[in-house]
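Down below is the structure, laid out as structure tokens.
The values are calculated or read from the model by the stated rules, or taken from the named source; none is laboratory data. This is a predicted model, so every value here is computed, not measured. Methodologically, a virtual Cβ is constructed for each residue, glycine included, from the backbone with ideal geometry; neighbour enumeration extends over all protein chains shown.
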């Protein structure tokens with residue numbers, strides 16, 4: 001049994017990406033950096049893919065770091081202003097065949113979207129090495145980050161944030177809408193594979209209590225209140241929502257590794273290990289509920 005004081009000392013980061021989606025670090029590199037930061041546990045939450053989980057778990061065992069299998073799913077925005085809402089899934093049974101088939105459809109859609117973005121950039125006089133983007137960078141789920149990094153590498157732009165702002169976000173000249181889940185579909189999918197659905201960075205996409213209330217009714221179990229880009233006031237607000245709706249409070253850095261123009265942020269959000277223990281309790285209750293249904 002881990003003592004209360006030790007739980008507060010042990011730190012975790014529950015929102016990390018590898019090179020299998022739009023991160024720059026291999027699973028082994030991510031684990032090594034997590035160890036260097038003094039993290040006790042991490043969650044690998046790549047976009048629309050679980051390909052980095054197994055290697056992360058193996059590397060974590062080598063470094064003595066607990067690895068939580070996770071995912072991040074993009075869903076439709078609900079307020080007419082936000083482009084999308086992101087739903088994190090923790091402790092997912094990621095090898096489930098149905099789940100993998102569903103993810104494969106979205107990865108194919110990502111691939112088509114990336115080609116369309118490159119077509120638009122070509123028309124704007126920005127010619128990128130597609131072989132590098134799709135064969136080297138795109139080990140798993142190809143996304144806008146891969147394209148943005150190539151724009152920087154090719155000298156068309158100074159950093160990835162500028163690439164997004166000028167070309168890749170909604171309303172910009174190279175933006176292409178992507179295939180997305182509805183928020184309740186993503187929540188249901190995560191629940192179906194035994195996972196815990198959590199609202200990622202509510203500041204971006206779901207900053208309205210009305211939206212959170214709707215998601216809770218659809219099965220949302222937690223909210224990522226502890227997030228690098230949340231102000232103290234926003235963090236306090238989201239924690240109060242968690243208390244009101246009886247949600248888990250989670251947190252993470254949303255680290256994508258070494259990205260041009262951005263600081264590396266792994267472990268920069270102070271999340272105590274007690275959050276992991278609470279998620280394990282939720283996972284146990286979900287499993288118990290499922291077994292009870294089968295028993296009937």
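A few points about this structure:
- When the criteria are applied in full, residue 58 fails the requirement of being modelled with pLDDT of 95 or more, closer than 15 Å to residue 258 by Cα, in a helix (DSSP H, G or I) and touching a helix residue (DSSP H, G or I) at 6+ places or on another chain (Cβ under 9 Å).
- Among (1) surrounded by fewer than 22 Cβ atoms within 10 Å (Cβ to Cβ); (2) modelled with pLDDT of 95 or more; (3) touching a helix residue (DSSP H, G or I) at 6+ places or on another chain (Cβ under 7 Å); (4) assigned to a helix (DSSP H, G or I), the one test that residue 41 misses: (4)
- Qualifying residue in segment 230-246 (condition: surrounded by 18 or more Cβ atoms within 10 Å (Cβ to Cβ), part of a strand (DSSP E or B) and touching a residue at least 12 places away in the same chain (Cβ under 8 Å)): no
- Residue list for segment 63-74, filter: surrounded by fewer than 22 Cβ atoms within 10 Å (Cβ to Cβ) and at pLDDT below 95: 63
- Residue-level check: of (1) in contact with a helix residue (DSSP H, G or I) (Cβ under 9 Å, 6 or more places away or on another chain); (2) touching a residue at least 60 places away in the same chain (Cβ under 8 Å); (3) crowded, with 16+ Cβ neighbours inside 10 Å, residue 156 misses just (2).
- Residue within segment 262-271 that is surrounded by 20 or more Cβ atoms within 10 Å (Cβ to Cβ) and farther than 19 Å from residue 45 by Cα present: no
- Only residues that are touching a strand residue (DSSP E or B) at 6+ places or on another chain (Cβ under 9 Å), closer than 22 Å to residue 281 by Cβ and not in a helix (DSSP H, G or I) were counted across segment 190-225, and they come to 15.
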